[in-house]
Amino acid sequence: LAVPLVRVRRAGAVREISALLLVPGDVALVEAGNFISADGRVVESAGLQVQESALTGESEPILKVAEDEVFRGTFVTAGRGEAVVTATGMRTELGRIATMIQKVKTTVTPLQKRLDHLARRLAAAALALVGVIFLLGLWRGDELRLLFLTAVSIGVAAVPEGLPAVVTIALALGAQRMLRRKVLIRKLSAVETLGSVSVICTDKTGTLTENRMTVEVLQAPDGGAEFGVMLAGAALCSDVAGAVGDPTEIAMVAAAEKAGFLKAELDRAMPRVAEVGFSSERKRMTTVHRKPVEAGVLIAAAGGAEYLVCTKGAVDGLLGLSVAVWVGGKAEPMSGEWRDRLAKQNAALAARGMRVLAVAFRGVDSLEAMDEFEQGLTFAGMVGIADPLRAEAAGAMDKCRAAGIRPVMITGDHPLTAASIGAQLGLDTRRVVTGAELEKMSVAELEGIVGTVQVYARVSPEHKLKIVTALQARGAVVAMTGDGVNDAPALRKADIGVAMGKSGTDVAKEAADMVLLDDSFASIVAAVGEGRAIYDNIRKFIRYILATNSGEIWVMVIAPFLGMPLPLLPLQILWMNLVTDGLPALALGVEPAEADTMQRAPVDAAESVFARGLGRHVIWVGLLMTLLSLGVGYWYFRAGDPKWQTLLFTTMTFAQMAHIMAIRSERRWLFEVGLFSNLPLLGAVALTVGLQFALVYVPFLQGIFKTRALGFGEVGLAVGLSLVLFFAVEAEKKLRG
């Protein structure tokens with residue numbers, strides 16, 4: 001049931017066989033509604049049109065004539081034809097792309113590299129610390145069992161075992177938030193990688209534009225506002241039925257109906273009696289209509305003839321066939337001056353990135369000699385058609401530039417169209433590189449220009465893979481959009497492959513890391529902002545966990561040299577690792593993005609996790625936390641107060657809570673950020689403090705954790721010392737600027 005049947009001509013007879021049995025040399029018969037099951041060469045065409053979006057991502061059907069190629073996986077939308085099979089299976093264009101996808105090697109994400117580097121360093125540090133603590137304990141003569149438990153606890157304290165869980169939860173929550181922004185994350189690691197993106201390579205059609213052809217300009221020959229004959233002729237000379245048809249024809253019919261020339265009424269008043277279909281060689285289409293009985297703008301156009309011939313097509317072709325020009329409701333001879341004027345109008349519209357079509361007509365008295373219908377035409381005017389920019393596209397481009405991200409537009413359109421759209425978006429259009437140029441470039445030449453070129457035109461999906469590879473060779477972290485099967489290798493190769501949710505093929509979506517549900521470039525930019533916020537939060541967690549863990553370790557290392565017994569028991573260390581490190585750290589993963597998230601340069605993919613002062617912060621905060629908690633503990637210990645260990649433990653816990661509140665922002669004071677802007681974190685801190693009080697005051701827990709009840713003044717002392725740490729971290733922000 002899953003394998004289509006194909007009609008083929010074998011041994012002079014037409015038979016129906018399974019697509020699996022096709023071989024090169026078979027002649028396949030196809031018609032509207034058929035899938036093409038093998039690559040082939042057209043030998044006969046009767047208006048054969050093929051939808052190749054599954055392969056190329058381009059939505060418009062392509063007219064196929066003799067000697068044209070057709071490809072497996074495409075779909076016949078109109079007409080019929082015959083094609084000789086030239087390739088099957090993995091030898092087809094589709095099979096070649098599948099081979100390319102298999103050969104593309106995916107890269108490790110920046111976060112994976114950083115965490116791998118961090119893990120190795122922490123593992124080495126943990127082993128070293130365990131050895132030091134164990135040897136110091138033996139030297140002091142501590143009980144072997146307690147010494148072993150303490151050494152293991154220190155090892156556990158040195159390794160942030162909550163990191164994988166926090167990172168995964170932060171990425172998952174980020175993916176959930178992105179979904180609300182119309183971005184579906186297929187690979188969780190992509191969430192953070194977005195924050196490091198330095199180049200976004202985007203398609204034009206449907207991503208930057210609306211993928212909806214619209215008449216932008218009506219150009220009468222004399223520059224006036226008389227468009228009746230042109231619009232009515234354009235509506236008649238089309239095959240649009242309702243809202244179904246070629247996108248360009250739909251746009252022209254919509255413009256005519258907006259001016260009052262309803263296609264249904266025109267077809268009734270002037271029924272079509274003959275036609276000459278569009279062909280890529282002629283670049284025009286002609287229809288013949290019976291002259292209307294009632295008066296109208298087309299009565300004058302037909303003159304005294306019985307039939308009206310309407311032709312639309314490329315401007316250059318129609319100018320060569322026209323002997324007159326329609327001006328002020330009458331025909332004037334087509335002089336050399338008129339030809340120059342009309343050619344300049346055409347060039348001006350094309351330079352604005354529009355597709356320009358002309359409309360011409362003539363009256364005839366007989367349906368004989370149809371090969372002469374397109375001679376002696378009267379030129380009625382030009383229509384400039386464009387795919388308008390999405391309303392949010394320009395603003396999204398501005399956000400990219402503000403964020404230090406270089407946007408690059410890659411399109412299959414004409415270079416003039418690409419340059420016009422690029423200029424509207426603020427891209428550098430001084431050099432537009434075409435696919436033909438890319439074919440001639442060496443790898444070194446391409447790597448030399450990709451850092452500056454922002455617009456590529458007439459580019460095939462295969463060229464995207466070359467562009468991505470060249471950008472990555474220059475150290476860029478690349479996001480690449482695509483929708484066709486041919487885009488899949490580039491999507492797989494890119495650091496972030498972005499497939500289109502509406503127009504994208506299943507193969508493109510499978511190869512991508514994320515899918516745009518609304519196909520909008522602005523959604524990519526929003527996702528980048530979300531990715532940056534997530535990476536910021538992961539860094540905040542690492543900052544918090546390493547600083548607090550280092551404080552615990554320094555306490556355990558320094559205390560023996562002060563003549564103190566073990567300052568923290570193994571169970572107390574594990575409590576801090578699981579509770580004070582765990583709950584608030586998880587809540588830190590939902591910290592809102594900072595105000596300047598998209599006003600700073602992207603994070604260097606090669607940046608260490610300790611970069612931008614994080615390593616320095618971990619060291620001095622850990623030492624200050626040690627000084628405060630061990631200092632108050634040592635003071636009470638020397639005074640012979642049995643509560644010294646509980647006070648040290650509680651001060652350390654409160655200091656950790658003060659620290660996490662202070663690092664909610666790397667640049668702004670807590671009260672600038674807003675104390676209540678992250679309610680989950682506020683709740684986690686309150687819960688941790690409450691649990692700490694339970695350990696201190698609940699008799700059952702006192703027995704387990706070896707704690708003693710603290711007085712009001714002692715609790716106040718612990719809170720006051722933790723506030724010292726809080727204000728020290730806040731002061732660091734101002735000193736760092």
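The values are calculated or read from the model by the stated rules, or taken from the named source; none is laboratory data. All figures in this text were calculated on a predicted structure; none of them were measured in a lab. So basically every Cβ, Gly included, is an ideal-geometry build from the backbone, and we count neighbours across all protein chains shown. All accessible areas refer to the heavy atoms of the entire protein, side chains included, with ligands and DNA or RNA removed. Shrake-Rupley method; radii C 1.70, N 1.55, O 1.52, S 1.80 Å.
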Quiz item: Can you give the accessible area of residue 108, probe radius 1.4 Å, in Å² rounded to 10?
Solution: 80
Quiz item: So what's the angle, to the nearest 10 degrees on a 0 to 90 scale, between helix 614-638 and the longest Cα principal axis of the chain?
Solution: 20
Quiz prompt | Under Karplus coefficients 6.51, -1.76 and 1.60, residue-wise ³J(HN,Hα) of the range 10-15 in Hz, glycine/proline x | solution = 10, 6, x, 10, 8, 9
Exercise. Just add up the charged neighbours of residue 360: K/R +1, D/E -1, any other residue whose Cβ is under 11 Å from the Cβ of residue 360.
Key: +2
Exercise. Could you pull the accessible area for residue 201 with a 1.4 Å probe, rounded to 10 Å²?
Key: 0
Exercise. Note the angle between two axes, namely the Cα long axis of helix 415-424 and the longest principal axis of the Cα atoms of the chain, as a number of degrees from 0 to 90, rounded to the nearest 10.
Key: 50
Quiz item: Tally Lys and Arg at +1 and Asp and Glu at -1 over the other residues with C-beta under 15 Å from the C-beta of residue 223: what net charge comes out?
Solution: -3
Exercise. Per residue of the range 258-265, in order, report the coupling 6.51 cos²θ - 1.76 cosθ + 1.60 (Karplus, θ = phi - 60°) as ³J(HN,Hα) in whole Hz, putting x for Gly and Pro.
Key: 5, 8, x, 9, 6, 4, 4, 5
Quiz item: Taking Cα pairs under 8 Å and at least six residues apart, what relative contact order does the chain come out at, in percent?
Solution: 13
Exercise. Take 39, 267 and sort them by solvent-accessible surface of the protein heavy atoms, 1.4 Å probe, largest at the top.
Key: 267, 39
Quiz item: So how strong a dipole does the range 237-312 carry about its Cα centre when Lys and Arg Cβ are +1 and Asp and Glu Cβ are -1, to the nearest 20 debye?
Solution: 160
Quiz item: Which residues' amide hydrogens lie under 5 Å from the amide hydrogen of residue 698, considering only partners 5 or more residues apart or on another chain, with H built in the peptide plane?
Solution: none
Practice problem: In whole angstrom, note down how far apart the Cα centers of the range 387-414 and the range 422-479 are. | Solution: 15
Quiz item: Which of the lysines could a cross-linker bridge to residue 733, judged by Cα under 24 Å and excluding same-chain residues fewer than eight apart?
Solution: 540
Quiz item: Under a point-charge model restricted to the Cβ atoms of Lys and Arg (+1) and Asp and Glu (-1), what is the dipole moment magnitude of the chain relative to its Cα centre, in debye to the nearest 20?
Solution: 2720
Practice problem: Quick one: which residues, 5 or more positions from residue 495 or on another chain, have an amide H under 5 Å from its amide H? H modelled 1.01 Å from N in the peptide plane, none for Pro or chain starts. | Solution: 478
Quiz item: Of (i) 78, 61, 52; (ii) 121, 62, 48; (iii) 106, 66, 48, which one was derived for Cα extents along the principal axes in Å from the structure shown?
Solution: (ii)
Exercise. Leaving out ligands and nucleic acids, note down the accessible area per residue over the chain with a 1.4 angstrom probe, in whole Å².
Key: 42
Self-check item: Which of 564, 449, 361, positive extreme of dipole for the chain (C-beta unit charges)
Solution: 564
Quiz prompt | Residues with amide H under 5 Å from that of residue 183, placed H, sequence gap 5 or more | solution = 517
Exercise. Order 77, 378, most accessible first, counting only protein heavy atoms with a 1.4 angstrom probe.
Key: 77, 378
Quiz item: Helix 644-662: angle to the longest alpha-carbon principal axis of the chain, degrees 0 to 90, nearest 10?
Solution: 20
Exercise. Could you tell me the accessible area of residue 700 in Å² (1.4 Å probe, neighbours in place), rounded to the nearest ten?
Key: 150
Exercise. Work out the length of the dipole vector of the range 468-528 about its Cα centre, built from +1 on the beta-carbon of each Lys and Arg and -1 on the beta-carbon of each Asp and Glu, and round it to the nearest 20 debye.
Key: 220
Exercise. Note down the net charge around residue 175, summing +1 for each Lys or Arg and -1 for each Asp or Glu among other residues with Cβ under 10 Å from its Cβ.
Key: +2
Self-check item: Probe 1.4 Å, all protein chains present, accessible-area order of 697, 544, largest first
Solution: 697, 544
Self-check item: Accessible area of the chain belonging to carbon and sulfur atoms, whole % at 1.4 Å probe
Solution: 60
Quiz item: Once phi is turned into θ = phi - 60°, what whole-Hz ³J(HN,Hα) does the Karplus curve with 6.51, -1.76 and 1.60 give for every residue of the range 667-682, x standing for Gly and Pro?
Solution: 10, 10, 4, 4, 6, 6, 5, x, 4, 9, 7, 10, 4, x, 5, 4
